[in-house]
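**Student:** If you scroll down you'll find the structure; I have some questions about it.
Computed from the coordinates by the stated procedures, all read-outs in this text should not be read as laboratory data. Keep in mind that what you see is a predicted model, and the values were worked out from it rather than measured. Cβ placement follows ideal geometry from the backbone for every residue including glycine, while neighbour counts extend to all protein chains displayed.
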Amino acid sequence: MPDLLIELFSEEIPARMQARAAEDLKKRVTDGLVEAGLTYSGAAALSTPRRLTLAVDGLLAESPTIREERKGPKVGAPDKAIEGFLRGAGLTRDQLEERETPKGAVYFALIEKPGRPAAEIIAEVLETTIRTFPWPKSMRWGAGSLRWVRPLHSILCILSDEAGATVVDLDIDGIKSGNTTRGHRFMAPDQITVTGFDDYAAKLKRAHVVLDPRERAEAIWQEATNQAFASGLEVVEDKGLLAEVAGLVECPVVLMGAIDAEFLELPAEVLQTSMKEHQKFFSVKNPKTGRIEKFITVANRETADNGATILAGNQKVLSARLADAKFFWENDLRTAKSEAGMSAWVENLGNVTFHNKLGTQAARIDRIAALAREIAPVVGADAGLAEQAARVAKADLSSEMVYEFPELQGLMGRYYAQAAGLPQEVANACEQHYSPLGPGDDVPSEPVSVAVALADKLDTLTGFWAIDEKPTGSKDPFALRRAALGVIRLVLENDVRISLERFSDLGLLRQEKNCESGGIGDQEITGLQDLLEEIAEHGVYGATIREVRAYFDQTRGEEESQVLLLKKAAASVPDTSIDLLSFFHDRLKVFLRDQGIRHDVIDACIAMDGNDDLTLLVKRARALEDFMKTEDGTNLLQGFKRANNILSQAEEKDGVEYSYGADRKFAEDDTEKALFDALEAGGGRSLRPSRPKISRLPCGHGRPARADRCVL
């Protein structure tokens, strides 16, 4: 059984595309081979900046002969039907066979497809793969129609076995397949003839090409850590940067350089970000001081001076980059320490639009500050500090450093808040209020940070719900699912008992008042602002605002603007609030299912009162999950099913619905009376639901449940 080796040799492929491209090549070629009848024992894909390589072991020498029996139309069927069947089978009428069936005589076709040589199939599959390859971006060059990520120079495609290697004949836009490749661009640019994968890998190694990206990454990290350790330093780990750098070089040569002393006082994160983003350098820090003092760069070739010239050029470019960062840092510090402090940056945010329907960043900060003050007592934070932190948390968006490096937002806010002399809790909230950004991100635990983080995410959610910009399918351009999951993690991991309905309604009212399009403008009616502010200050529950709406629905003949505008607000908020709470529940279901809690248990707890208190809801779900695993839980479920089935049969027989529950006056013996006594002691009101669902089980441990659920 021969082995297949394919190499697509081109100009440098962007590092971020290499891993995906190698997997795409493997999948498309192997899928095509299997579909054509060529099975194999194993396949591996590798990549370097200049080549994609696929090795397939144990390939069949030719596809097997396929015999297929196909049933056709009845004998005597119209000629057009028979001719269509013949075209599909690729046969003539005299090749058909007549057979008797229970439904009469029927034509059958015996189709035999002879096997094909592997080389013929490989050529077809590879050409299709190359011409339809799913690059994120591709280009054409010369006069041909072929598109590739960068100009494609050569195609290596050989089948090898004990007898030797055979080139698979292929010609794509003038690029003919062969058995040659090239080594390192500078150190071994001549052609290399290969006879199989082992020979190919060994000759590339001698030609200064490390074929396996994982081997390149391991070599880079090993040499980098060794050089840093020799100087008493350590490399700042960055797996993403390591993978990227490994995709930039075929022959990694690790060099360590020093940072000029004038830049050493810059924050470590500024140095690290500047070097990573602009130069693809690893940061090397002093473990005793935490300062970034040196850098690691990876060259793509060995030199006679051991990289001294390369290192000198890199240090020169780095100094220019860090000079810019130092300029931004010093300017920002002067602003933060000035009399106006960070408030000057907040004022500038009045000219920055957050969303064309949700106003400016400054207006958003006002809403977040008001909401943070409301949330603070619930999470054990000082209301004044929470409001202060919310007002400066996004101030660094106007700073020069964050303008240059947006990924430093929040972090620079902490530095600037400390420079401005603000309390440490406020400075920490500036950095932490964006968290958690993802499932693996840390969750803030300081009360002030928790209050601001919740206010920030709730304002985002209520804002986009107010303008009906919700996630649809896989599309979530404003990362609202991530914001909802952030709220869930903040609440659960800090064991916060908070009414999401209350604060969602409060946020929705503020959004209604501040929306620039279709909302209630304060400029229209001055008195309305005071009224809405009064409502928002005390928080509005969905039930309360529905009462307001009902009241105005009963009002006849009122034409005053205040009444009409408030009626508009009251009409929109409740449904939106309920929909937003359902969105939270959907995200919570996913979160809890990942932790192994059954979906019917989650649904049962969501159906209970107080389901906007996520901490209580999750505690109920975990308690119910644990209870259902016990013998008592199993017996309860079986008893409920049995009682439900008996009553359902009685309803069907009697033609009535027994939704009112059992009555004590019908108890005939002591056991039935004891059952009623037990139900009353447990707070139950009904023996069965009006619309029974097995998933709706009690989990309140004796507290009364809603009337549409069974309570025992």
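**Student:** Need the C-alpha centroid separation for region 419-497 versus region 258-326, integer Å.
**Tutor:** Each part reduced to its Cα centre gives a spacing of 34 Å.
**Student:** I need the peptides 498-510, 378-390 ranked by packing, meaning the mean over residues of other C-beta atoms within 10 angstrom, with the highest value on top.
**Tutor:** Per-residue mean Cβ counts within 10 Å order the peptides as 498-510, 378-390.
**Student:** For residue 113, which aspartates and glutamates qualify as cross-link partners when the Cα separation must be under 12 Å and same-chain residues fewer than eight apart are set aside?
**Tutor:** Of all the aspartates and glutamates, those that pass the test against residue 113 - Cα under 12 Å, at least 8 places apart if same chain - are 68, 69.
**Student:** Same structure, new question: Placing unit charges on C-beta atoms (Lys and Arg positive, Asp and Glu negative, everything else neutral), compute the dipole magnitude of region 297-361 about its Cα centre in debye, rounded to 20.
**Tutor:** In total the dipole reaches around 100 debye.
**Student:** Hey, another quick one. Assuming R0 = 35 Å, what is the FRET efficiency of residue 226 and residue 180, from their Cβ-Cβ distance, to the nearest 0.05?
**Tutor:** Approximately 0.45, to the nearest 0.05.
**Student:** Report D for region 599-681 in µm² per second (integer): Stokes-Einstein, Kirkwood Rh on Cα pairs, 20 °C, 1.002 mPa s.
**Tutor:** My calculation gives 138 µm²/s for D.
**Student:** At a 10 angstrom cut-off on C-beta neighbours, averaged per residue, how do the peptides 344-350, 638-644 rank from highest to lowest?
**Tutor:** Ranked by mean Cβ neighbours within 10 Å, highest first: 344-350, 638-644.
**Student:** What is the percent of Cα-Cα separations in region 213-337 that go past 26 Å?
**Tutor:** I get 20 percent for the Cα pairs in region 213-337 exceeding 26 Å.
**Student:** Moving on. Please report the equivalent ellipsoid semi-axes of region 342-423, computed as sqrt(5 x eigenvalue) of the Cα gyration tensor, largest first, in whole Å.
**Tutor:** On the way: eigenvalues 88, 61, 20 Å².
Semi-axes (√(5λ), whole Å): 21, 17, 10.
**Student:** Filter 26/137; 27/589; 26/589 down to the pairs with a C-alpha to C-alpha distance above 30 Å, please.
**Tutor:** Where the Cα-Cα span goes over 30 Å, the pairs concerned are 27/589; 26/589.
**Student:** As an exercise, take the mean of 1/r over every pair of distinct alpha carbons in the chain, invert it, and state the Kirkwood radius in angstroms.
**Tutor:** Every distinct Cα pair counted, the radius reaches 32.6 Å.
**Student:** Students often check this: by mean Cβ neighbours within 10 Å, which of 620-631, 362-373 ranks highest, and how do the rest follow?
**Tutor:** Per-residue mean Cβ counts within 10 Å order the peptides as 362-373, 620-631.
**Student:** Now for a separate question. Given the C-alpha atoms of region 143-226, compute the convex hull and give its volume per residue in Å³. Write out the running numbers ahead of the final one.
**Tutor:** Numbers: hull volume 11.2 nm³, N = 84.
It comes to 134 Å³ per residue, whole-number rounded.
**Student:** On to the next question. Which of the DSSP-defined H helices in the chain satisfy a minimum axial length of 24 Å, computed from C-alpha atoms, and a minimum mean Kyte-Doolittle hydropathy of 0.0? Don't jump to the answer; show the numbers that get you there.
**Tutor:** Working: long enough: 15-35 (31 Å, -0.70); 213-230 (26 Å, -0.94); 308-337 (42 Å, -0.16); 361-379 (26 Å, 0.57); 447-466 (28 Å, 0.90); 561-593 (49 Å, 0.43); 631-654 (34 Å, -1.14).
Those that clear 24 Å and a mean of 0.0 are 361-379, 447-466, 561-593.
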